[in-house]
Amino acid sequence: MSANAASRLLQHYVDNFRRLPWRSPPGSPPPEPYRVWLSEVMLQQTTVAAVTPRFERFLERWPTIEALAAAPEADVMQEWAGLGYYARARNLIACARAVAAMGGFPASEAELRKLPGIGAYTSAAVAAIAFGEAEVPVDTNVERVVARLHALTDKSAVPAFAKAMMPEGRPGDFAQAMMDLGASICRPRAPLCTQCPLAADCRAFALGTPEAFPTPKPKTIRPQRYGIAWWIERDGLVWLVRRPAKGMLGGMAALPGPDWQDEPVTANAIAWVTHVFTHFALDLTIVPVAEPCGEGWWQPIDRLSEAGLPTLYRRAAEAALAGMTALAA
DNA sequence: AATGCGTGGAC
DNA sequence: TGTCCAAGCAT
């Protein structure tokens, strides 16, 4: 890409700058590494709209990485509940503790990359945005922008092309400019090529088929699965458990119940919920049970929102309470 | 290297 | 409605 195109991209970024709680305006001192890291981990496969209130809440409750490192795990999981991909929260705690023990974030991409939950993208993003290192984080936005710019069908060449585009200085602004362009102009569907500062350089635009790049992912079938959750209620309390650290909803608070299965279940239900995960859909049947089982705790029903239930179980509890009310009426 | 891992908004 | 997809990482 010509230096001219790079400067048009950066100018477009400045002109359309979107203030977000975790970033500083172009030209101002970079944000704290803690803020950059926390936001980047939250933003992994998650929208800005979903992240923004969570980021504010985390920062309010744990203003420094030392504070986060000292937090009980259950408190962090509770604040993460509903945000999804819960391995991120487990890695967040491990990373915070490692960094606190080191006395602060390492400033290089290579050292950041070794920390839990920090992969190729996040290490480059933190290095560029917080430390001004000349790295280009390649996320799906950058992948799409670069693939279209060069009409690439093979995405493996994207990182090299992306690095070749990077102008001298301002690596953090460049990274965010590329991502903002992908999110706002160079969108997956119906890209706004007439408004794009790179249109004159774009091979896919010249071909008239920007949406053909990069090659769309093949669609996968979503199996249907089935499960039971037990509703164990006594004196305004409900029995909750913590799920195993690995696997679905790992480490999260939950209603107790047997493992989910591939065949429909029959039971004396008070409520049902259906929930769609990435790789399967779940029909969950909620069944009243008298006695608590296994390890767990009694959660006051009027403080259920403080339990940190992931969305599946939050909705299951809502459905159960509605079902019990209907039953009593 | 292919797969498992959440959720909600846009269309 | 269903389908796509989001500032990916770990294994």
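The values are calculated or read from the model by the stated rules, or taken from the named source; none is laboratory data. What you are looking at is a predicted structure, and each value in this text was computed from that prediction instead of being measured. For neighbour counting, all protein chains shown are included, and Cβ atoms are generated from backbone atoms with ideal geometry for every residue, glycine included. Surface accessibility is based on the protein's heavy atoms, side chains included, excluding ligands, DNA and RNA. Shrake-Rupley method; radii C 1.70, N 1.55, O 1.52, S 1.80 Å.
Remarks
- Burial ranking of peptide ranges A:93-103, A:293-303 (average Cβ count within 10 Å, highest at the top): A:93-103, A:293-303
- Structure-based [θ]222 nm, chain A - -39500 (n - 2.57) summed over DSSP H runs of at least 4, per residue, nearest 500: -12500 deg cm²/dmol
- Within chain A, the proportion of C-alpha pairs whose separation exceeds 28 Å stands at 52%.
- Folded to 0 to 90 degrees: helix A:120-131 orientation relative to chain A principal axis, Cα: 60 degrees
- With each label modelled as a point 7 angstrom along the Cα→C-beta vector, the A:Leu327-A:Thr64 pair spans 5.0 nm.
- Between the stretch A:1-17 and the stretch A:180-249, the Cα center-to-center distance that results, in Å: 27 Å
- Selection among A:Val238, A:Pro256, A:Gln44 by position relative to the dipole of chain A gives A:Gln44 as farthest towards the positive end (Cβ unit charges, Cα centre).
- Apportionment of accessible area to carbon and sulfur, chain A, percent (1.4 Å): 55 percent
- Förster radius 45 Å - calculated FRET efficiency between A:Thr153 and A:Trp260, Cβ distance, rounded to 0.05: 0.70
- Degrees, to the nearest 10: A:87-102 long Cα axis against longest axis of chain A: 70 degrees
- Cβ-based net charge around A:Ser24, under 13 Å, with every Lys or Arg adding one and every Asp or Glu removing one: +3
- For the pair A:Asp75 and A:Trp297, label points projected 7 Å from Cα toward Cβ lie 1.3 nm apart.
- Packing-based order for A:126-132, A:248-254, A:184-190, using average beta carbon neighbours within 10 Å, highest first: A:126-132, A:248-254, A:184-190
- Rounded Å value of the spacing that divides the Cα centres of the stretch A:288-329 and the stretch A:94-139: 40 Å
- In terms of the mean number of neighbouring beta-carbon atoms within 10 Å, the peptides A:165-171, A:321-327 order highest first as A:165-171, A:321-327.
- Charged neighbours of A:Ala317, selected by a Cβ distance under 14 Å, balance to -1 (K, R count +1; D, E count -1).
- With Cα atoms, 0 to 90° folded angle of helix A:33-42 axis to chain A main axis: 60 degrees
- Accessible surface area normalised per residue over the stretch A:221-286 is 54 Å², counting heavy atoms of protein chains with a 1.4 Å rolling probe.
- In the context of the full set of protein chains, the stretch A:3-212 has a per residue accessible area of 45 Å² (1.4 Å probe).
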